[in-house]
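Take a look at the structure below.
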């Protein structure tokens, strides 16, 4: 019995999630990526394959924040950008990450700022 390496396992989970989640122009997909240091969020229209808005916690002023505070502020920022474009609802794509920690904090920040999933 062969053992699957961690990268292959993550890609398999990511493909399963992506097969179920798709965004449109009226309800785009909010894709989240978490690295060891930063967190990124994008609003994507899958019908035209375009990114409508993006936010991350790498910007100036956020370097003094903890990783959790950065995730919450990134969620609030992506919600503001979505509202400016007239988007009120999104489909959440956790991108194969567990819905816990910084991923959950970003989602809570976006919900707190008025975005619905």
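Read-outs: derived from the displayed coordinates by stated rules, not from any lab. These numbers come from a predicted model, not from an experiment. Reconstructed Cβ throughout: ideal geometry from the backbone, glycine too, with neighbour counts over all protein chains shown.
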field: Residue order, fewest to most beta carbons within 10 Å, for 39, 87
entry: 87, 39
- prompt: Which value in nm describes the separation of the simple spin-label points at residue 68 and residue 8, placed 7 Å from the Cα toward the beta carbon?
  reply: 3.6
field: Percent antiparallel among DSSP beta bridges (both partners in the chain, rounded to 5)
entry: 75
query: To the nearest 500 deg cm²/dmol, what mean residue ellipticity at 222 nm is calculated for the chain from DSSP H runs of n ≥ 4 alone, each contributing -39,500 (n - 2.57), summed and divided by the residues?
result: -12500 deg cm²/dmol
message: For the pair residue 54/residue 100, report the inter-label distance in nm, with labels modelled 7 Å from Cα in the Cβ direction.
response: 2.9
- line: Bounding extents of the range 71-117 in its principal axis frame from Cα atoms, largest first in Å, are 29, 19, 12
- line: Over all directions, the chain yields a Cα convex hull whose mean projected area in nm² is 7.9
